[in-house]
Amino acid sequence: MTEVLDRTGARTEDAAQVITGARERIDALDDRIIGLIQERMAVSAVIQESRIASGGRRVSLAREMDVLSHYRDALGRPGTALAMTVLELCRGRV
Ligand SMILES: O=C(O)C(=O)C[C@]1(C(=O)O)C=C[C@@H](O)C=C1
């Protein structure tokens, strides 16, 4: 019991089982989220390389405003911070 309590913070075996199962789902979801971010990074790189090869700039601020709004509309204010992190992963620091 002490080990279960240490691992999950639960005070009963039942709660520890619920938490352990839910954490497995979260780990699987995080794997998918990370995979989607990596896929997004690859697609973003195609856009940036194409724009730079055509003589343009890496960054498109107008498009970034649209991306920020998209996340904020869906997730509220923390969505903006998340979008900024996603954009940094995709185009580096500006
Ligand atoms: O949509 C673009 O034009 C992109 O270059 C992609 C992207 C993005 O990752 O969403 C990356 C850099 C730009 O500043 C804007 C958006």
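Data table
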quantity	calculated
Filter pass, residue 91 being under 23 Å from the mean Cα position of the chain (by Cα), modelled with pLDDT of 95 or more and charged (D, E, K, R)	yes
Single residue of 64, 24 found to be loosely packed, with under 11 Cβ neighbours inside 10 Å and either away from the ligand (no atom under 11 Å from the Cβ) or of a type outside the set (A, V, I, L, M) (or both)	24
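The values are calculated or read from the model by the stated rules, or taken from the named source; none is laboratory data. Model, not experiment: these values are computed from the prediction. Here the Cβ is made from the backbone with ideal geometry for all residues, glycine too, and neighbour counts use every protein chain on show.
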